[in-house]
Amino acid sequence: MKHKFDVKDAIFTAATIFVIVLSLVLWFFNLTSDRRFSNVEPTSTKMAAKDQTKSLYDFYAPTTIFGFKNNHYYQFYDTKHNLALEFTKKFKQVSLTQPSVESQSQKSYEKKLNDSNYLQLVYPDQVTFKIFSDAISLSKGHREFNRIFISSSDKEIYFGNDRNYTLYKMAVKADFSKLLSYAENANQKRECQLVRLKGGYSAYYQNSIKQNVYNYLTNHASDNTLVSRLLGTSGVVSSAQGDGATLYTQNYSDRLLTQVAGQNTYRYTHFSKIDLPNTTKVLEDSMSYVYMIGINEQDLRFFDADNSKVLFTNYIEGYPVFIDGEHPQVTTEYQTDNFQMLFSSLNFEIPIPFDGQTKTLPATTTVINRLRKNGLKTENIQRIELGFVVKRDKKNSELISLEPTYIIKAQGTWRSYSAWLSFLTDKKQNTQVPEPK
């Protein structure tokens, strides 16, 4: 009888230990899951097997949400609900109609910017209507927008172009009440004001900002994997280029150069004489090439566009990530005889639980004033945004930190705040006339 109870006790003890271990494993998976940080809904297994890529709506999604509370202008971010994702889910379901031009004056445009009845969803740069609907046909100068205004009305939405102050009105049937509720109750609100710069309106934060520092374990796609995806598996020839770089070629029309500007950086080139495509096709084709790389980040999004050049980068906790202070994740560019793509194979694999580390950033005007004192003219500053820069761990190559900073576009070039200061300092030193001996 005693033996019988010993067996039962042993089985019970083993089952208890199994449940505890399973709970710990599931707890750790939930704690380190990227969903915890980005709140991005997973794709179903069936859908993932059929198509692992994202749609245009996902790549070209608004990245910043602004609105009013108690007559003050705020940037909204919610750690429980991904506001941009909530908008994209609804926007996909909206049947877009031909928009009408509501106004084209700066005064009317800024009146809409200051209308507390609207939530503003802002793209980092202009996108075209035609990306989302082939049925929309507008004359030249009326094809792009970068700001969407939504309200409690389910019958209309507004689109705005910050550059030329054009405001469009579109009759739609849409219910954004859930998104409006999420924004109203967002657990992170940063008071700011919109300031007109050369590239449009940027948010200026009037007070210093305390921002979290995040840590990630990363991995990188191998050269073999990228060669296979971009050049194929046959007829590829490789040659050493020095300094650890390798050039892979295929039929003289496609090239992949490794280690271009730093760790795990690549330049892909496709040679072909082509007419430069229109803006919509540039945006669509650029996304297609990004698919080919196979970067698996769920939050890789459109960041900037200049004529035939398009930039994509990861957004973590609602802010863009720059690598080594000066590079987004992917840059594509059409030229008269080739297409080029400069990219990093860095994948943010596992977020490490937040350890409480923060960094305080100065108010935006403080940043602008310091750049001006170091020689950067205000009229040359195009955009300024909050973001992160990747800092690599010296002991573990797979461990990186995401440090908060300002990211500034000036004179057509993006750099982090510290990278701009270093550039301006070096420029001063190199232009100084040496003293006579």
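Using a 1.4 angstrom probe on the protein heavy atoms only, line up S234, S272, S152 by accessible area, largest first. It would help to have the intermediate numbers written out before the result.
On the way: S234 80, S272 45, S152 110 Å².
Per-residue accessible area, sorted high to low, gives S152, S234, S272.
Taking only protein heavy atoms and a 1.4 Å probe, what accessible area per residue, in Å², does the stretch 344-409 have with all protein chains in place? Mind dumping the intermediate values first?
On the way: 3150 Å² over 66 residues.
Here the residues of the stretch 344-409 average 48 Å² of exposed surface.
Explain nothing, just the number: relative contact order of the stretch 173-301, from Cα pairs under 8 Å at least 6 residues apart, as a whole percent. All intermediate terms of the calculation are to be shown ahead of the outcome.
Numbers: 101 pairs, mean separation 15.9, N = 129.
That works out to 12 percent.
Pulled fully out, how much extra length does the chain show between E379 and D154, if you take 0.36 nm times their separation in residues and subtract their Cα-Cα distance?
77.0 nm
Going down the table (K107/K198; K112/K281; K210/K428; K198/K281), which pairs top 23 Å between alpha carbons? Please list the in-between numbers first.
Numbers: K107/K198 17 Å; K112/K281 30 Å; K210/K428 31 Å; K198/K281 25 Å.
Correct reply: K112/K281; K210/K428; K198/K281.
What residues have an amide H closer than 5 Å to that of E102, excluding those fewer than 5 places away on the same chain, when H is modeled at 1.01 Å from N in the peptide plane?
L167, Y168, K169
Of all the accessible heavy-atom surface of the stretch 194-264, with the other protein chains kept in place and a 1.4 Å probe, what percent is carbon and sulfur?
42 percent
Taking 0.36 nm per residue of sequence separation and subtracting the Cα-Cα distance, how much length would be gained by fully extending the chain between R229 and N278, in nm to one decimal?
Values: separation 49, 0.36 × 49 = 17.64 nm, distance 2.62 nm.
Using 0.36 nm per residue and subtracting the Cα-Cα distance, I get 15.0 nm.
Say R0 is 45 Å: what FRET efficiency, to the nearest 0.05, do L399 and V94 get from their beta-carbon distance?
Step by step, r from the Cβ atoms, then E = 0.60.
Anything over 24 Å Cα to Cα? Flag those among K80/K178; K69/K111; K90/K409; K309/K391, in the order listed.
Going by Cα-Cα distance, K90/K409; K309/K391 fall outside the 24 Å limit.
For N251 and L56, calculate 0.36 nm times their separation in residues minus their Cα-Cα distance, and state this gained length in nm to one decimal. Write out the running numbers ahead of the final one.
Details: separation 195, 0.36 × 195 = 70.20 nm, distance 3.09 nm.
Gain on stretching N251 to L56: 67.1 nm.
Explain nothing, just the number: relative contact order of the stretch 90-242, from Cα pairs under 8 Å at least 6 residues apart, as a whole percent.
It comes to 20 percent, rounded to a whole number.
Tabulate in residue order the Karplus-calculated ³J(HN,Hα) for the stretch 220-228, using 6.51 cos²θ - 1.76 cosθ + 1.60 with θ = phi - 60°, rounded to whole Hz; enter x for Gly and Pro.
Result, ordered by residue: 9, 5, 6, 4, 4, 5, 5, 4, 4 Hz.
If I compute solvent accessible area with a 1.4 Å probe over the protein chains, what percent of it on the stretch 266-394 is carbon and sulfur?
Numbers: 2430 of 5420 Å².
Solvent-exposed carbon and sulfur of the stretch 266-394 make up 45 percent of the total.
Just to verify a number: FRET efficiency for D306 and Q193, C-beta to C-beta distance, R0 = 22 Å, to 0.05? Show your work: numbers first, answer last.
Details: r = 26 Å, r/R0 = 1.19.
Calculated value: 0.25.
Rounded to the nearest 0.05, what FRET efficiency do T79 and T413 give with R0 = 35 Å and r taken as the Cβ-Cβ distance? Could you check?
Once rounded, the FRET efficiency stands at 0.60.
Modelled label-to-label distance, S288 and Q263, 7 Å Cα→beta-carbon offset: nm?
Between S288 and Q263, the simple spin-label model gives 3.5 nm.
Just grab the label-to-label distance for N71 and D134, each label 7 Å out from Cα along the Cβ direction, in nm (one decimal).
Distance between label points: 5.0 nm.
So if I take the centroid of the Cα atoms in the stretch 381-406 and the same for the stretch 87-141, what is the distance between those two points in Å?
Value for the Cα centre distance between the two parts: 32 Å.
The values are calculated or read from the model by the stated rules, or taken from the named source; none is laboratory data. None of the values given here were measured: they were computed from a predicted structure. FYI the Cβ positions are ideal-geometry reconstructions off the backbone, even for glycines, and counts take in every protein chain you see. Side chains included, ligands, DNA and RNA excluded: accessible areas come from the protein's heavy atoms. Shrake-Rupley method; radii C 1.70, N 1.55, O 1.52, S 1.80 Å.
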